[in-house]
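Just so you know, all these numbers are worked out from the coordinates, no wet-lab data involved. Computed from a prediction, not measured in an experiment: that's the story for all the values here.
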């Protein structure tokens, strides 16, 4: 009985050591998708989409900035991961770059519409925002995340591929396709 008490006492006195690190420092603990993978994917995809010919073609032909909406990025990988971690970086890059206009999608757009509806009843006429003035998107960005796991004994590789597509909303023409591929080797 005293051995159990001693073990519990020692375990409860154990201290956890936490160290702050730079947000971009690479630390792979489990071999699973992590913040480094999301950052690398975002950096690669941002560079690809902003240097794709679709952007200069549109600006030359239409004499204005294209309007983009980010649609669904479906996760078909073996892991639970949130695509918004890297798609938010892509959206920020569009805005920061200044050559692409971005409109809200999904639930956030619905929240904006609900607020506009409330304003029709509760705001002064001069400050009320009117319906029918939303900026229509020219293009929608969509994609998938897939993974392949290969394991034998104590060794494992995990491969991720993110495919993004930009389609013209009126014609459904795909004007850009980009991808990010990452792979990890894990020895257990």
Gaussian network model of the chain, Cα within-10 Å springs - most flexible of 30, 124, 147: 124
Value of relative contact order over the chain, rounded to a whole percent, pairs C-alpha under 8 Å and six or more apart: 22
Distance between region 92-161 and region 34-68 - C-alpha centres, whole angstrom: 15
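Please give the per residue volume of the convex hull enclosing the alpha carbon atoms of region 125-188, rounded to a whole number of Å³. Display every interim value, and only then the final one.
Numbers: hull volume 8.8 nm³, N = 64.
Cα convex hull per residue, to the nearest whole number: 138 Å³.
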Choice from 103, 70, 49 with maximal GNM fluctuation in the chain (Cα, 10 Å cutoff): 103
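Over region 79-188, what is the relative contact order in whole percent, taking alpha-carbon pairs under 8 Å and six or more residues apart?
Averaging sequence separation for qualifying contacts and normalising by length gives 17 percent for region 79-188.
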Options (1) 19.5; (2) 20.3; (3) 17.0 - which one matches Kirkwood radius over Cα pairs in Å as calculated here: (2)
